[in-house]
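Student: Below is the structure I would like to discuss, written out as C-alpha cells.
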Amino acid sequence: MGRILALLYGVVCYLIFFAVFLYSIWWVWTLDVPRPDAPLARALGIDTGLLLLFAVQHSGMARQGFKRAWTRVVSPAIERSTYVLAASLALLVLIVFWQPVPTLIWQLDSPVAQAALHALFGVGWLVVLVSTFLLDHADLFGLKQVWTYWRGQTYQPLAFRTPSMYKLVRHPIYLGFLLAFWSAPRMTLGHLYFAAVTTAWILVAIQLEERDLITFHGEQYKLYRSGVSMLVPWPARRYKP
C-alpha cells in the first residue's frame, strides 16, 4: 500500500473509532430504554451472540499468533489501524442489533445516589480516555504506525513504562469501563447482563494480555504485576520500580 494511502486509511479508521466511541457512551447511558423488545430468550440469545462476536474479535485479533499471520496479508503499517477498524465495527454491530431487556432490577430514586452514579459514569469514561494518552494514544489507535510509515521512518513499539495511574492499577482502561458499565441508578436486566458479561470478558482478556506482556517484557512485567493491583488501586501495593 502506498504511504499516502496508508496514512489516509489510518486517519479514517481512527475517525470511525472516535465516532463509535462517542456513540457507545450515549448507548450505555441509555441502555435498555423502553422500546419494543423481543421475547426474553430470543433477546438474550441475540445479545449473547453479539457480545461473543465482539469479545472474539477484540481479543482474538490482538493475539500475537493472529498478528503474525495477518501481517502476511496486510502491511504491518496498517495492522493496528485495521484492528481498530474491526473493533469499531464489531462494537457498532453490538450497539445497533442489541435487543433490550427492560425488566427493572433496581432503581435508585435518591437524587444524591443518582448524582453520585452519574458522576462515576463520567469518571469511568474519562479514566478510559486519559489512560490511553498516558501510554500513547496515537500508538494504541494506529496513528503513530501510519505516520512513521508515511515519513519513511522505522516504527518503534511502546517501551514498558508505568505513568501516573499505572502505578496504582495495572489496567486503568478496563477499570474505567467497569465504572462506566456498572454506574447505573436504573439497572435493567439487559444492562445487568451486559455489565456482567463484559466484566467476565475483561477478566479473561486481562489474562491473555498479561501473557503477551510477560512475553515482551519478561521479569520487568512480572515485578510490576507482583507490586500493582490488577483493577482495584490499593495504595498499599504501589509499584516501586
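FYI, it's all coordinate maths here, none of it is from the lab. For clarity, every value in this text was computed on a predicted model and none was experimentally measured. FYI the Cβ positions are ideal-geometry reconstructions off the backbone, even for glycines, and counts take in every protein chain you see.
Student: Under a 5 Å amide H to amide H cut-off, with H placed in plane at 1.01 Å, what residues pair with Ile105 once short-range neighbours are removed?
Tutor: For Ile105, the qualifying residues are Met187, Thr188, Leu189.
Student: Okay, moving on. Working out 0.36 nm times the residue gap between Ile25 and Lys222, then minus their Cα-Cα distance, what length gain in nm do you get to one decimal? Kindly include the intermediate steps, with their values, before the conclusion.
Tutor: Values: separation 197, 0.36 × 197 = 70.92 nm, distance 3.37 nm.
So the chain would gain 67.6 nm between Ile25 and Lys222.
Student: Binning at 5 Å from 0, report for the range 4-145 what percent of all alpha-carbon pair distances ends up in each bin.
Tutor: It works out to 2, 9, 13, 17, 18, 15, 11, 8, 5, 2, 1, 0, in whole percents.
Student: Please list the equivalent ellipsoid semi-axes of the chain, computed as the square roots of five times the alpha-carbon gyration tensor eigenvalues, in descending order and whole angstrom.
Tutor: Taking √(5λ) for each eigenvalue gives 32, 24, 16 Å, largest first.
Student: Using the Karplus equation 6.51 cos²θ - 1.76 cosθ + 1.60 (θ = phi - 60°), what ³J(HN,Hα) coupling, rounded to whole Hz, does each residue of the range 50-58 give in order, writing x for Gly and Pro?
Tutor: Whole-Hz 3J(HN,Hα) from phi for the range 50-58: 5, 5, 5, 4, 5, 5, 5, 5, 5.
Student: How many angstrom separate the Cα center of the range 148-202 from the Cα center of the range 12-71?
Tutor: Using only Cα atoms to place each centre, the spacing works out to 14 Å.
Student: By per-residue mean of other Cβ atoms within 10 Å, what is the highest-first order of 214-226, 193-205, 82-94?
Tutor: The most tightly packed comes first, giving 82-94, 193-205, 214-226.
Student: Mind listing the phi-derived Karplus ³J(HN,Hα) values for the range 102-110, rounded to whole Hz, using 6.51, -1.76 and 1.60 with θ = phi - 60°, and x for any glycine or proline?
Tutor: Result, ordered by residue: x, 4, 7, 9, 8, 8, 8, 8, 5 Hz.
Student: Amide H of Gln99 versus every other amide H placed in the peptide plane: which residues, excluding those fewer than 5 positions away on the same chain, fall under 5 Å?
Tutor: Those qualifying (amide H under 5 Å, at least 5 residues apart or on another chain) are Asp47.
Student: Over all directions, what mean area does the Cα convex hull of the range 38-93 project, stated in square nanometres?
Tutor: Across all orientations, the range 38-93 yields a mean hull projection of 4.1 nm².
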